[in-house]
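These notes concern the structure reproduced below.
The values are calculated or read from the model by the stated rules, or taken from the named source; none is laboratory data. What you see is a predicted model, and the numbers here were worked out from it, not measured in a lab. Here the Cβ positions follow ideal geometry from the backbone for every residue, glycine too, while neighbour counts run over all protein chains shown.
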Amino acid sequence: MKRTNEKIAEQFKTFQILDEEGKVVNEEAMPKLSDDELKELMTRMVYTRILDQRSIALNRQGRLGFYAPTAGQEASQLGSQFALEKEDFILPGYRDVPQLIWHGLPLYKAFLFSRGHYIGNQFPDGVNALSPQIIIGAQYVQTAGVAMGMQKRGQKSVAITYTGDGGTSQGDFYEGMNFAGAFNSPAIFIVQNNRFAISTPVEKQTAADTLAQKAVAAGIEGVQVDGMDVLAVYTVTKEARERAVNGEGPTLIEMLTYRYGPHTMAGDDPTRYRSEELDNEWEKKDPLVRFRKFLEEKGIWSEDEENAVIERAKDEIKAAIKEADNTPKQKVTDLIGNMYETLPANLNEQMEEYKAKESK
């Protein structure tokens, strides 16, 4: 079995375009992106890193609720979203709020989602996405259904979803891929392999040498990509989208990445299961540093431009948190009223009880 596993793993070599120094190592695979598009991609990554820093600070101040840090995963998140079209449908996990924001979700609503406010789950028309899934891996099954719906309507669009390496240990992971594969539906399944799920090393989660090879059992395309290389991420996602809309079925993409912070801000301590040496190793692969070097070498990015993005991000985050603060507080009657179109008798009683309390 060991020889068999090694033979299978040989088929899933890591796809890369930029090395850790920002040098092109795969010229043939370079995506056809204009200088403006390359700069926009960098802008989004820098903005999202600042958003992550500010969100952590806001969480510590008690001004946000649930928050899962994203630093280190900007390339895997934003490179894949950049390859999508507006009509494509995103089914995110709880760490994937940045993709929603760049797909059109107003920033203040992202903050309200973190606070558990129902308005944070009311997406504007044209933002094709579901709210972040809290149940690990459940979005894979949902994605198979959304993709089949698009298929039956004859739409030239895809459903894309994200989970971490821990999500691949869930039954929904296999069920979703198998269903989409059986019906040849236009789905893209992304695994952001940051190596530790919540706290368990990936080597203890599976005997497989790669997570990408799990596509084989579902009969779908599988690829492993350097998830710290935004150009490689963009390229493989773009190709997966093209295959899907051309009727060639779903793809599983394993993105090798690393979250620099804790799993969430709810008390996780990554120093208990990650070494300082490993942290330092992955910091050298920072997706922003790598892409910055590439753009500076091309002469299309500068420190002044980056500082301008940072200041813009800070200003917009400040305005968005103010808008979230000014949103009327969620009431118990809002929660009860949003549950059913017609309330059952027991909730009718509770509704009247809380109406009376809230009117005082």
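Residues that are under 15 Å from the mean Cα position of the chain (by Cα), part of a loop (DSSP other than H, G, I, E, B) and at pLDDT 95 or above: does region 20-36 have at least one?
For region 20-36, residues under 15 Å from the mean Cα position of the chain (by Cα), part of a loop (DSSP other than H, G, I, E, B) and at pLDDT 95 or above: absent.
Name the residues in region 249-263 that are assigned to a loop (DSSP other than H, G, I, E, B), within 24 Å of residue 19 (Cβ to Cβ), in contact with an Asp or Glu (Cβ under 9 Å, 6 or more places away or on another chain) and not polar (S, T, N, Q), would you?
Those that are assigned to a loop (DSSP other than H, G, I, E, B), within 24 Å of residue 19 (Cβ to Cβ), in contact with an Asp or Glu (Cβ under 9 Å, 6 or more places away or on another chain) and not polar (S, T, N, Q): 258, 260.
Among the residues that make up region 283-292, is at least one of them over 22 Å from residue 60 (Cα atoms), in contact with a helix residue (DSSP H, G or I) (Cβ under 7 Å, 6 or more places away or on another chain) and β-branched (Val, Ile, Thr)?
Among the residues of region 283-292, not one is over 22 Å from residue 60 (Cα atoms), in contact with a helix residue (DSSP H, G or I) (Cβ under 7 Å, 6 or more places away or on another chain) and β-branched (Val, Ile, Thr), which makes the answer no.
Every residue in region 113-167 that is assigned to a helix (DSSP H, G or I), within 28 Å of residue 193 (Cα to Cα), touching a helix residue (DSSP H, G or I) at 6+ places or on another chain (Cβ under 7 Å) and not hydroxyl-bearing (Ser, Thr, Tyr), please.
113, 120, 121, 138, 141, 144, 147, 165, 167
Residues 78, 58: which one is in the same structural domain as residue 280 (by TED's automatic domain parsing) and crowded, with 24+ Cβ neighbours inside 10 Å?
After applying the criteria, what remains is 78.
Can you tell me which of 217, 266, 232, 208 is farther than 17 Å from residue 11 by Cβ, among the aliphatic types (A, V, I, L, M), at pLDDT below 95 and outside any strand (DSSP E or B)?
One residue alone meets the criteria, 266.
Has region 8-31 got any residue that is without any contact (Cβ under 8 Å) to a residue 24 or more places away in the chain, touching an Asp or Glu at 6+ places or on another chain (Cβ under 7 Å), over 18 Å from residue 238 (Cα atoms) and β-branched (Val, Ile, Thr)?
Yes, region 8-31 contains a residue that is without any contact (Cβ under 8 Å) to a residue 24 or more places away in the chain, touching an Asp or Glu at 6+ places or on another chain (Cβ under 7 Å), over 18 Å from residue 238 (Cα atoms) and β-branched (Val, Ile, Thr).
One line per residue, one yes/no per condition, for (1) of a type outside the set (A, V, I, L, M); (2) surrounded by 15 or more Cβ atoms within 10 Å (Cβ to Cβ); (3) not assigned by TED's automatic domain parsing to the domain that holds residue 20:
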| position | (1), (2), (3) |
| --- | --- |
| 200 | yes, no, no |
| 226 | yes, yes, no |
| 239 | yes, yes, no |
| 253 | no, yes, no |
| 267 | yes, no, no |
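With (1) surrounded by fewer than 21 Cβ atoms within 10 Å (Cβ to Cβ); (2) under 18 Å from residue 161 (Cα atoms); (3) in contact with a helix residue (DSSP H, G or I) (Cβ under 8 Å, 6 or more places away or on another chain) as the list, and residue 243 as the residue in question, which single condition is left unmet?
The single condition residue 243 does not satisfy is (3).
With 180, 110 as the choices, which residue is part of a helix (DSSP H, G or I), crowded, with 22+ Cβ neighbours inside 10 Å, touching a helix residue (DSSP H, G or I) at 6+ places or on another chain (Cβ under 9 Å) and of a type in the set (A, V, I, L, M, F, W, C)?
After ruling out the rest, the residue left standing is 180.
So residue 289 passes all but one of these: (1) within 29 Å of residue 231 (Cβ to Cβ); (2) assigned to a loop (DSSP other than H, G, I, E, B). Which condition number does it fail?
(2)
What pairs come out if I take residues in region 261-275 that are more than 21 Å from residue 96 (Cβ to Cβ) and pair them with residues that are among the charged types (D, E, K, R) whose C-beta lies under 7 Å away, six or more apart or interchain?
Listed by first residue and then by second, the contacts come to nothing, as the list is empty.
Just need a number here: residues in region 1-19 that are more than 23 Å from the chain's Cα centre (by Cα) and not in a helix (DSSP H, G or I). Working first, answer last.
Let us first name the residues in region 1-19 that are more than 23 Å from the chain's Cα centre (by Cα), namely 1-11.
From what's left, not in a helix (DSSP H, G or I): 1, 10-11.
The number of residues fulfilling the criteria is 3.
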